Amino acid sequence: MSSPFSINGGACVAMVGKDCVAIACDLRLGLQALTVSNNFPKIFQYGDVFLGLTGLATDVSTVSDLFRYKVNMYRLREERNIAPSTFANLVSSSLYERRFGPYFVSPVVAGLDPKSGRPFICGFDSIGCIDFAKDFIVSGTASEQLFGMCESLWEPDLGPDDLFETISQALLSAVDRDALSGWGAHVYIVEKDKVTKRLLKGRQD
Amino acid sequence: MADRYSFSLTTFSPSGKLVQIEYALNAVNQGVTALGIKATNGIVLATEKKSSSPLSDPSSLSKISLITPNIGMVYAGMGPDYRVLVDRARKVSHTGYKRIYNEYPPTRILVQDVAREMQEATQSGGVRPYGVSLLVAGWDEGVMPDVESAVQGGGEVEGEKKPSGKTGGILKGGPMLYQVDPSGAYYPWKATAIGKSATTAKTFLEKRYTEGLELEDAVHIALLTLKETIEGEMNGDSIEIGIVGPPADHLLGVEGVHGATGPRFRKLSPQEIEDYLTNL
Amino acid sequence: MEVLLGITGKDFTLIAASKAAMRGATILKASDDKTRQLNKHTLVAFAGEAGDTIQFSEYIQANAQLYSMRNESDLSPSALAHYVRGELASSLRSRKPYNVNLLLGGVDPITHKPSLFWLDYLAALAPVPYAAHGYAQYYCLSILDKHHHPDMTLVQGIKVLEMCTDELKRRLPIDFKGMTVKAVTKDGVRDIEFNDDKVVKCA
């Protein structure tokens with residue numbers, strides 16, 4: 001009931017397509033059953049890599065700020081953008097640093113490998129154990145519903161447009177069955193040299 | 001009481017010089033010559049193993065060291081100082097990189113870390129500068145120089161991912177060769193030498209170096225250059241060669257592991273060196 | 001039973017806080033001001049554990065003022081909100097965290113855009129058009145959902161605020177002794193006369 005992971009609510013999902021990836025999140029911020037804001041995005045862009053964070057809202061902000069700092073420092077030091085797999089390992093080691101006082105977040109990473117162009121997605125638990133996936137990653141209070149939607153809607157090698165449709169329907173349908181998520185969504189479709197961000201209004205009830 | 005005060009010994013002379021660093025360079029210039037040559041497909045590091053006595057056992061002396069699977073290092077100057085730097089370089093490549101990103105640092109990042117260590121010894125209290133110059137050779141994943149020049153030449157291939165110039169970055173891959181000095185300054189080279197006969201060796205290299213060199217040619221030139229400067233006899237035991245080349249999967253220790261690639265940096269065995277010498 | 005309310009409109013941000021200073025079931029004071037001005041265009045209202053509220057809000061007030069003196073320019077409400085969040089977030093994982101909920105409102109000194117930030121003791125920060133803290137949320141947010149409009153004038157804003165306080169008087173079990181109401185506009189922070197003596201009959 002008052003697990004730090006479900007105080008504020010929220011949902012996030014990432015999917016692999018053909019030469020593209022998608023990542024989407026809801027926009028709700030609440031206190032238990034009360035909705036405080038419907039403008040709280042949970043996806044953050046660092047160069048060519050995307051990070052989705054669900055869980056305790058304060059840690060969503062803290063962790064997203066922390067990685068903005070770390071990725072900017074990486075870019076200055078190495079004079080290049082961080083690759084998704086490198087970033088995933090950075091997330092993992094940074095979260096494990098807080099092994100005995102963790103950030104209450106369930107991160108999701110999505111992006112295209114800059115060298116091969118291959119889609120990359122993965123998820124984490126709050127202490128940094130990486131969950132690599134070939135298909136989709138879900139996180140947040142609607143994760144069970146998202147698992148169901150993704151299992152039934154996702155198929156291999158979806159193009160960018162079909163992938164957008166799939167991830168959007170999966171997210172919107174999942175959050176409709178979760179009292180703590182919803183109230184609009186952000187959807188990112190990442191292609192080789194194009195990123196499309198769409199705002200879904202969603203049900204406002 | 002005296003230990004409460006710890007001033008840096010490296011202080012400016014009125015003319016603006018840091019003489020302690022110049023003395024450190026003098027130590028380097030008395031050291032045994034070491035050289036490095038960059039080829040299109042690799043790098044060679046070479047040096048002489050000088051033994052002062054016929055009783056010494058050169059097979060257990062090693063002057064060229066592996067830092068990461070793709071990066072190796074050689075020195076001219078003080079051996080003990082070099083060992084400290086090798087330890088620091090190996091350590092920082094893990095604590096400052098592998099343990100964070102689960103991959104080894106690119107050559108330039110490692111060089112910067114070692115150079116920082118050397119610079120700090122010129123500004124900290126209670127220490128003296130390192131009495132060595134280093135040659136660091138490594139292979140970086142990234143866009144190969146020939147591919148890059150083809151893209152810049154306007155011959156853009158449809159469907160080929162071009163490097164994003166967003167950060168003006170070093171997406172540059174392939175062989176990298178750096179020299180690091182006691183001051184902490186570092187320089188990228190195509191070919192260079194450090195130590196006692198550095199000037200002679202560099203003049204020789206200027207004559208023999210050509211663009212588009214293959215690794216085998218580079219090893220050949222390295223031996224020829226060494227021959228110019230060497231004092232003793234040249235054989236598999238008296239010289240040391242390290243190469244950065246294609247992944248040496250036979251050094252992996254296992255076979256059939258998917259995605260595993262062997263180290264690119266390896267030292268040549270005395271037998272391999274002898275083989276090169278007979279073909280000289 | 002402390003009440004904090006915030007409403008943004010066309011060119012203003014309204015901040016209101018209950019006047020009752022309470023300790024347990026006892027009202028110690030009926031003219032408490034639970035707000036602090038951070039700079040010319042920014043105001044915070046706070047509620048929570050007795051010592052923490054004043055201690056924390058005056059700490060951020062002092063730092064905001066120090067910034068203004070050093071740099072001869074004010075931080076924007078958004079910048080201050082993120083600063084306050086950072087302080088609260090590091091406090092959250094300290095030995096003794098501050099237990100303070102805040103509303104931070106203001107108008108941007110350059111663009112004159114009004115803004116309001118909702119911030120709880122966990123340092124969860126959200127930019128919002130209108131907000132409340134504590135039990136007031138359950139009574140007022142639905143009223144604000146229905147009657148708020150981003151292009152409201154100050155007079156309309158005060159009217160909606162009155163609808164909220166009326167409802168609170170009607171439903172809250174304890175008298176909160178009326179509201180301190182302040183409006184932030186491009187000209188700075190202004191006290192708003194608010195009729196606390198209006199009697200609201202319960203249904």
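Details
- Solvent-accessible area lost on pairing A with B (1.4 Å probe, both sides summed) amounts to about 1600 Å².
- Ordering C:Ser91, C:Thr35, C:Ala45 by the projection of their Cα atoms onto the charge dipole of the stretch C:29-100, which places +1 on the Cβ of Lys and Arg and -1 on the Cβ of Asp and Glu, puts C:Ser91 at the extreme positive end.
- Counting only Cβ charges, +1 for Lys and Arg and -1 for Asp and Glu, the dipole size of the stretch C:53-203 around its Cα centre is about 420 debye.
- Cα centroid separation - the stretch C:6-30 against the stretch B:14-78, whole Å: 73 Å
- The aspartates and glutamates whose alpha-carbon is closer than 19 Å to the alpha-carbon of C:Lys146, local same-chain residues fewer than 8 away aside, are A:Asp205, C:Glu162, C:Asp166, C:Glu167.
- Dipole-positive endmost among C:Ile174, C:Ile143, C:Asn71 within chain C (Cβ charges, Cα centre): C:Ile174
- Among the listed pairs A:Lys194/B:Lys172; C:Lys19/C:Lys96; C:Lys10/C:Lys159; C:Lys159/C:Lys198; A:Lys42/C:Lys96, those beyond 19 Å (Cα-Cα): A:Lys194/B:Lys172; C:Lys19/C:Lys96; A:Lys42/C:Lys96
- Ligands, DNA and RNA aside, A:Cys129 has an accessible area near 80 Å² when probed at 1.4 Å.
- Here the stretch A:53-205 is treated as a sphere whose radius is the Kirkwood value from Cα pairs; by Stokes-Einstein at 25 °C and 0.890 mPa s it diffuses with a coefficient of 148 µm²/s.
- Mean accessible surface per residue for the protein assembly as shown, computed with a 1.4 Å probe while every protein chain stays in place, in Å²: 48 Å²
- From helices alone, chain B scores -9000 deg cm²/dmol at 222 nm; the rule is -39500 (n - 2.57) for each run of n ≥ 4 DSSP H residues, then divide by the residue total.
- Threshold 40 Å², the stretch A:22-69 residues less accessible with all protein chains present than alone (1.4 Å probe): A:Leu31, A:Leu34, A:Val36, A:Thr58
- Among the GluC sites (Glu not before Pro) in the stretch B:202-280, those placed in a DSSP loop whose Cβ has at most 12 other Cβ atoms within 10 Å are B:Glu211, B:Glu214, B:Glu231, B:Glu233, B:Glu255.
- For B:Lys196, the aspartates and glutamates whose Cα comes closer than 20 Å to its Cα, not counting residues fewer than 8 places off in the same chain, are B:Glu22, B:Glu48, B:Asp81, B:Asp181, B:Glu206, B:Glu228, B:Glu231, B:Glu233, B:Glu240.
- Of the chymotrypsin sites (Phe, Trp or Tyr not before Pro) in the stretch A:1-82, not one is in a loop by DSSP (not H, G, I, E or B) with at most 13 other beta carbons within 10 Å.
- The stretch C:125-203, relative contact order [Cα under 8 Å, separation at least 6], %: 21 percent
- 222 nm mean residue ellipticity, helices alone, for chain A (DSSP H n ≥ 4; -39,500 (n - 2.57); rounded to 500): -10000 deg cm²/dmol
- Total lysine pairs under 28 Å (Cα atoms) in the stretch B:1-75, excluding pairs fewer than 8 apart on one chain: 5
- The orientation-averaged projection of the convex hull spanning the C-alpha atoms of the protein assembly as shown amounts to 41.5 square nanometres.
- Here chain C is scanned for GluC sites (Glu not before Pro) in DSSP loops (not H, G, I, E, B) that have at most 10 other Cβ atoms within 10 Å, and the longest stretch holding none of them is C:73-192.
- Within the stretch A:51-126, the trypsin sites (Lys or Arg not before Pro) that combine a DSSP coil assignment with at most 10 other C-beta atoms in a 10 angstrom radius are A:Arg99.
- Whole-percent carbon and sulfur share, accessible surface of the stretch C:61-196, 1.4 Å: 52 percent
- Each Cα pair under 8 Å and six or more residues apart adds its sequence gap; the mean of these over the residue count of the stretch B:59-143 is a relative contact order of 39 percent.
- All aspartates and glutamates inside 20 Å of A:Lys134 as judged from Cα atoms, apart from same-chain residues fewer than 8 positions distant: A:Asp19, A:Asp48, A:Asp113, A:Asp125, A:Glu144, A:Glu151, A:Glu155, A:Asp157, A:Asp161, A:Asp162, A:Glu165, A:Glu191
- Chain C: translational diffusion in µm²/s, Stokes-Einstein, Kirkwood Rh over Cα pairs, 4 °C, 1.567 mPa s: 77 µm²/s
The values are calculated or read from the model by the stated rules, or taken from the named source; none is laboratory data. Quick caveat: nothing in here was measured; it's all calculated off a predicted structure. Glycine gets a Cβ as well: all are built from the backbone with ideal geometry, and neighbour counts include every protein chain shown. We work out accessible area using only protein heavy atoms, side chains counted, and drop any ligands, DNA or RNA first. Shrake-Rupley method; radii C 1.70, N 1.55, O 1.52, S 1.80 Å.
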